[in-house]
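Following: one structure in structure tokens, then a few remarks.
Nothing in this text is a laboratory measurement; each read-out follows from the coordinates by a stated rule. Just so we're clear, the structure is a prediction, and the values are computed from it rather than from any experiment. Reconstructed Cβ throughout: ideal geometry from the backbone, glycine too, with neighbour counts over all protein chains shown.
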């Protein structure tokens, strides 16, 4: 029995060798015949193969795109987190930059105002009984500040002190209807008095009264302090003329003046503690 199996294995091996040899001989000597058999199969199955190949490539691309989407989403979330972390520092930088610019302008004003003895002060509040027209600053008698001292900013005249403590002072701004400052038209030198929001001046504007009928005041003229009265030195900018009219008695003119200072944005001011009456224009 064992011998029979060995004989069968021998003949199987011989048969396989014979078939391989025959296939090689036929392929080598009759290549054109095999090509003719191959072409129909290729014509039928090639489009199918191409279709499945394109489908595989499409889904492979989709998988890559999905991976990219998740990666980009994670990167976007990371960047948003970093932006949120940096946002407070950006705001702090902007605030410090703005404050630095204001202090530089104040320093420049102090260096230019060599005729005045200036005391820098910060606006720390407003009077609840007169929110828009009375400021509270952080300097008082301990810093040499007293009543009826002019208060200015880099833009122009703010007002004057009306009440003073050791470390604070109240400032009546020039738009208050109780305020009265001697002034003149810078171009024509015509003198008058600038009062707070008195009719017909709208709220927040000034009225310059006692202008002569022959004063050639026009819109856009600059109004400055005249130095009379002893509160504000000569030449401090008050504002610009926006309208000129005659008084009802036709004896004098008056002008509506827009203040140079934006009182709602005041943070720092100077108190003029003393000045030369010669002043500057």
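Observations on the structure shown:
- Estimated at 0.36 nm per residue, the fully extended path between residue 129 and residue 148 surpasses their Cα-Cα distance by 4.8 nm.
- In this label model, residue 252 and residue 177 are separated by 1.8 nm, measuring between points 7 Å along each Cα→Cβ vector.
- Take the Cβ atoms of residue 166 and residue 198, set R0 to 25 Å, and the FRET efficiency comes out at 0.15.
- If you plug the beta carbon distance of residue 273 and residue 240 into 1/(1 + (r/R0)^6) with R0 = 30 Å, you get a FRET efficiency near 0.60.
- Debye log10 I(q)/I(0) for the stretch 121-275, one point scatterer per Cα, at q = 0.15, 0.17, 0.19 Å⁻¹: -0.72, -0.89, -1.08
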